[in-house]
Structures are given as C-alpha cells and as structure tokens.
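Trainee: Pasting a structure here, questions to come.
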Amino acid sequence: MSSLKEILLKKQSSKSLWFMRQAGRYLPEFQKIRSENPNFIKLCLNSELSSEITLQPIKRFDIDSAIIFSDILMVPFAMGQDVNFIKNKGPELSKFDLKLFFNNTEEKFSKKLSPIYKAIAITRKKLDKRKSLISFIGAPWTLLIYMFGLQKNKKEIELNNFKESDNKFKSILRELIRYLCVHIKNQVNAGADVVQIFDSWAGLIPDFKIKEFCIEPNAEIVKFCRKNQIPNICFPKGLKKKFKDFNEFVKPDGINIDYEVEPEWAKRELINVVIQGGLNPEVLLKSEDEMIKAATKYIKTFKDFPYVFNLGHGLLPETDPDKVKKLIKFYREY
C-alpha cells in the first residue's frame, strides 16, 4: 500500500481511501467524548483527546490515512476572534476587529495553537508508519466568510457586506495567507505528511471575484507548499466546471472533487493531478445497493488513474458506522 504522500508526489494509481470528517460526529465513541467536553474549541486544544479522536476511525476501520481532529476556525481563533459553536446553527465568531487581527506575531500565534501541534506529534508516534497523517487549513475565502459573518445560510452569502468590506479584504487576505502558511509549516514540523486546503464556500464567490478570492490565494498557499515539499490537496467546493481553471492555475498535487462534478468530466479535464473523492455522502444514508452502485461509478471511472477514494464532502452526523465499514470492504475487495 502506497501512502497518500507517495500517491500525491508520484501521481500514481492506488487503492488508498480515507473520508472527510471520518474522525467525529457519526461515531459513538466520539459522541461519548463530546458529551463530556461541551466546549468544542477546548476539545480541539486538548492534545490527548484530539489524538484519541483522530485515531478512532483508524482503530475501527483500518482506514489508510488519519486526519487530525481540529477545525478550520482555529486560525481566526488564534488571531484574536472568539469562536463559539451553537447547536443546530454552527459556528459564530465575535465581531471582526482589524486592530486585533493585525496585532499578532508568529510566535504568539504558534503558541496559541501549540496543543494542535502536540496532538499531531502524539498521533504520529501512535500511527502505523505506512499510514499518512493529514493536516488541514481553511482557504482564505472560506475563513473570511466566517470572520466577517457573511453567510446567510448554506447557499447564500450577504453580498452587501462583501462590497462594503471589499477595500479591506486585500490587506486582510495577505495577512491571513501568511498565518495559514505558518500553521501548515507548524503542522508538518509536528509530524503531518499532507495538508488539505478546504475552500468550502468557493462556489458562492461571485464570478468576477473567483480568481481574486479563490484561485490566486489557493495558488499562493500551494506555491508555499511546493517550495517546502509539502504534498497538498485542494478542495474548492462548488466550482463546477471552474474546477478546470482552478487546477490549471493553482497546480495542486491533489484535487478533491465534490458530488456536483461528473467523474468522467473530471478524469478528462483535470490533468496532471491526483483526483480525490466525489461520492455524495448522502448515499451512505440510502440502501446498501444504492450506496454500492454509486461507489462503483467512481471506482470504474478512475480505474488505473491517480485517484484516492473519498467523499464529495464530509461524513454526515446520521451516518451508520456499519455502512462506512461495508463501503470500505466493498472498495477493497472490488
């Protein structure tokens, strides 16, 4: 079995698999820990528990890669914003303070997030050396959505606020990219092998701003990764056929497609990159036959192609762990 790191660097075909949000909400062993630790930020900063949660799906399913249990909003948190997770609503950040945001140092930032790096070091020691340990960040645009409270719901952003803040965005964007690169480097120095860059709100960027707020910032981060020989995977969710423009400009090692992208189109149009994912996580809520049929489409399409089996978004909270186990078994025996 090749590690995810080797697959990304050598662009080779594989039978590797892991799942976004594999460590967390759908697992009863996680729910037990979560019930005893209601403050999500504090849980992310508990190095021992974060490592334990990271390894839970490895112990249960023997998945090929572990992804550190953390959150993309740990970066705005480390840069001075309060972050609260409201049940049935999601994250809520305190009002953005420009002075507080720019009043940071790399040393202060790294110290605030040091429990995450400790969790990575603990996990790397416990994890089979053949398995990759994935770290991650939120892409700048997606973080700005939360930092400025631009989201109205899962399908809309408040464009008026976007326009009002437009003149500030460039300087904030540059600073955010700088600290995201610090976070990547710290995670890799602690023992992570790969970084995934989540641009979960990329599909909501107005067309005339996609290059400025999605493609160019992701390219800058990937350039940093390349310079430091850090294998990387980008996930610009919702870009549809603009995935091609993104891939050609950013040139990541891997690109995670979502379930709106047809696998045949991706195989044909996304060149010189390892493709990952695509399967709709909702199929794991359907019958076993429907799940297998949907998975087979991706397996057949990407046979003998540089591909990592994964989802087109994270595992849903209501997913039955037994379904995950059956999907893994089917994929490995196919």
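Trainee: Hey, any hits in region 93-100 for a residue that's within 19 Å of residue 317 (Cβ to Cβ), free of Cβ contacts under 8 Å to residues at least 40 places away in the same chain and among the hydroxyl-bearing types (Ser, Thr, Tyr)?
Mentor: So in region 93-100, the residues within 19 Å of residue 317 (Cβ to Cβ) come out as none.
Checked region 93-100: no residue is within 19 Å of residue 317 (Cβ to Cβ), free of Cβ contacts under 8 Å to residues at least 40 places away in the same chain and among the hydroxyl-bearing types (Ser, Thr, Tyr).
Trainee: Moving on. Among residues belonging to region 181-212 that are of a type in the set (Phe, Trp, Tyr) and closer than 23 Å to residue 266 by Cβ, point out the one that is surrounded by the fewest Cβ atoms within 10 Å (Cβ to Cβ). Give the steps one after another, and end with the answer.
Mentor: Start the filter on region 181-212 by keeping residues that are of a type in the set (Phe, Trp, Tyr), which leaves 198, 201, 208.
From what's left, closer than 23 Å to residue 266 by Cβ: 198, 201.
On the way: 198: 21, 201: 24.
Checking each candidate, the answer is 198.
Trainee: Does region 213-244 hold any residues that are within 24 Å of residue 152 (Cβ to Cβ) and surrounded by fewer than 17 Cβ atoms within 10 Å (Cβ to Cβ), and which are they?
Mentor: 240
Trainee: Under 8 Å between Cβ atoms, which residue pairs at least 6 apart in sequence (or on different chains) link something in region 43-67 that is closer than 15 Å to residue 18 by Cβ with a partner that is part of a strand (DSSP E or B) and among the polar types (S, T, N, Q)?
Mentor: Cβ pairs passing all conditions: 64/132; 65/132; 66/132; 67/135; 67/196.
Trainee: Quick one: would you say residue 201 is within 14 Å of the chain's Cα centre (by Cα) and over 30 Å from residue 124 (Cα atoms)?
Mentor: Yes: the conditions hold for residue 201.
Trainee: Mind telling me which of the residues 16, 3 ends up being touching a helix residue (DSSP H, G or I) at 6+ places or on another chain (Cβ under 7 Å), within 23 Å of residue 125 (Cβ to Cβ), surrounded by 14 or more Cβ atoms within 10 Å (Cβ to Cβ) and modelled with pLDDT under 95?
Mentor: 16
Trainee: Looking only at region 151-174, decide whether some residue is within 19 Å of the chain's Cα centre (by Cα) and crowded, with 20+ Cβ neighbours inside 10 Å.
Mentor: no
Trainee: Given the structure, is residue 286 surrounded by fewer than 16 Cβ atoms within 10 Å (Cβ to Cβ), charged (D, E, K, R) and more than 21 Å from the chain's Cα centre (by Cα)?
Mentor: Taking the combined requirement at face value, the residue satisfies it.
Condition check ((1) under 21 Å from residue 148 (Cα atoms); (2) assigned to a helix (DSSP H, G or I); (3) modelled with pLDDT of 95 or more) across all residues:
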| residue | (1), (2), (3) |
| --- | --- |
| 171 | yes, yes, no |
| 175 | yes, yes, yes |
| 178 | yes, yes, yes |
| 182 | no, yes, yes |
| 197 | yes, no, yes |
| 216 | yes, yes, yes |
| 223 | no, yes, yes |
| 259 | no, no, yes |
| 268 | no, yes, yes |
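Trainee: State whether one or more residues within region 297-310 are of a type in the set (S, T, N, Q), over 25 Å from residue 3 (Cβ atoms), at pLDDT 95 or above and surrounded by fewer than 22 Cβ atoms within 10 Å (Cβ to Cβ).
Mentor: No.
Trainee: Here's a follow-up. For region 129-154, which residues satisfy the criterion of being of a type outside the set (A, V, I, L, M), in a helix (DSSP H, G or I), modelled with pLDDT of 95 or more and within 30 Å of residue 58 (Cβ to Cβ)?
Mentor: 142
Trainee: Being in contact with a helix residue (DSSP H, G or I) (Cβ under 9 Å, 6 or more places away or on another chain), surrounded by fewer than 19 Cβ atoms within 10 Å (Cβ to Cβ) and under 20 Å from residue 132 (Cα atoms) narrows it down to one residue among 254, 314, 277; which is it?
Mentor: 314
Trainee: Also, I was wondering about something else. Filter region 19-50 down to the residues that are within 19 Å of the chain's Cα centre (by Cα) and among the small types (Gly, Ala, Ser), then identify the one that is surrounded by the fewest Cβ atoms within 10 Å (Cβ to Cβ).
Mentor: Filtering region 19-50 for residues that are within 19 Å of the chain's Cα centre (by Cα) and among the small types (Gly, Ala, Ser), the one surrounded by the fewest Cβ atoms within 10 Å (Cβ to Cβ) comes out as 24.
Trainee: Still on this model: Among the residues that make up region 99-114, is at least one of them more than 26 Å from residue 141 (Cβ to Cβ), of a type in the set (D, E, K, R) and in contact with a helix residue (DSSP H, G or I) (Cβ under 7 Å, 6 or more places away or on another chain)?
Mentor: no
Trainee: Let me ask something additional. For region 1-37, enumerate the residues that are in contact (Cβ under 8 Å) with a residue 40 or more places away in the chain and part of a helix (DSSP H, G or I).
Mentor: Across region 1-37, the qualifying residues are 4, 5, 7, 8, 9, 28.
Trainee: Among (1) crowded, with 20+ Cβ neighbours inside 10 Å; (2) in contact with a Lys or Arg (Cβ under 9 Å, 6 or more places away or on another chain), there is one condition residue 57 misses while meeting the rest; what is its number?
Mentor: (2)
Trainee: What number of residues within region 300-334 are closer than 20 Å to residue 261 by Cβ and assigned to a helix (DSSP H, G or I)?
Mentor: Going through region 300-334 one residue at a time, the tally reaches 4.
Trainee: On to the next question. So which of 193, 207 ends up being under 17 Å from the mean Cα position of the chain (by Cα) and not polar (S, T, N, Q)?
Mentor: Testing whether each residue is under 17 Å from the mean Cα position of the chain (by Cα) and not polar (S, T, N, Q) leaves just 193.
Trainee: Sticking with this structure for a sec: Given the conditions (1) in contact with a Pro (Cβ under 8 Å, 6 or more places away or on another chain); (2) within 28 Å of residue 225 (Cβ to Cβ); (3) in a helix (DSSP H, G or I), and given that residue 244 satisfies all but one, which numbered condition is not satisfied?
Mentor: Among (1) in contact with a Pro (Cβ under 8 Å, 6 or more places away or on another chain); (2) within 28 Å of residue 225 (Cβ to Cβ); (3) in a helix (DSSP H, G or I), residue 244 violates only (1).
The values are calculated or read from the model by the stated rules, or taken from the named source; none is laboratory data. Just so it is clear, the model here is predicted, and its values are computed rather than measured. Every residue, glycine among them, receives a Cβ derived from its backbone with ideal geometry; neighbour counts consider all protein chains shown.
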